[in-house]
Amino acid sequence: MLPFKKILFPVDYSDRCKSIVPYVQEMVGHFSAQLTLVHAYGVGVLPYTELAVADPDWPEEVRRREEQRLKEFAAEAFPGQRVDSIVEEGEPGIAIDKVVQHQGADLVMMPTHGRGPVRRLLLGSVTAKVLHDVSAAVWTGAGRIVDNRPHNISYKSILCAVDLSDETEAVVRAAAALATSYHARLSLVHVVELPPPNIDVDFTPFRKELIDAANHRLRELKSQLGIDASHTSIDGVTADGVCHEAIQKEADLLVVGRGRAQGALSRIWSRLYAIVRESPCPVLSI
């Protein structure tokens, strides 16, 4: 996966989109990566319906206008840089997946768009679709995160959240490579999520044993991979525990898996939307 060589930046011209431009600039510069912008547009709404009445060639006119607008955005956001731009008619999530497959992009960088109380329930349909469907790594940042951070981005503390599934080794390797690349401090966290007690089984008495077992597994993994990193195993709700640890470690970036190993539905993947929504820093899911 690393180093990232082809980065895809979906553009919708929103303030949230513009707010992550410095992060995209930094990542492209750090890895000397090729940058591609993609914009998905629809032709079933105004002002395009007006064009349809006046000009039978309106679909091509619309495409030309969208291409020009995207080129102007690229010139303003990434001055002096070589940037490829692609416009696609249709649903944004589908367009992003199509471009990833066609271009071979290995990283997609995009913001989330949920706001207020709704943001705690909804991640945003485009972001959710990309996280679910796209094979490339996905960098996401919630609005309040990127809005409140300085634009001289530098990753100094990277937290890797693991669930000890089959994909854990690959995720830790990627996080370690990223930490080395940025000369950042690396930490690992595993959350033991105990089932709620019921009349038949209460796992609470086994809390210490489960945490000890997780710590033992993490020590083995670090030794096996030759990785120098601190680690923490805690109990609680996965998303809450991961985000709390990110605050404690003053993490600039959170690295998590997406259950890609052998098509597995890992616990981190099942909690990913909540982690992205609540994370105090950008999230790189691989």
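None of the figures in this text is laboratory data; all of them are computed from the coordinates on show. Here the structure is a predicted model, which means the values were calculated and not measured. Because the Cβ atoms are built from the backbone with ideal geometry, glycine has one as well, and the counts that use them run over all protein chains shown.
Things to note:
- Eligible lysines near Lys156 by straight Cα distance, threshold 19 Å, same-chain separation 8 or greater: Lys249
- Sorted ascending by nearby beta carbons within 10 Å, beginning with the fewest, Arg258, Arg207, Arg63 become Arg207, Arg63, Arg258.
- Considering every alpha-carbon pair of segment 205-251, the percent of pairs per 10 Å bin, from zero through the bin containing the longest distance, is 24, 45, 30, 1.
- Peptides 212-223, 21-32 ranked from most to least packed give 21-32, 212-223, packing being the mean of other C-beta atoms within 10 angstrom over each peptide's residues.
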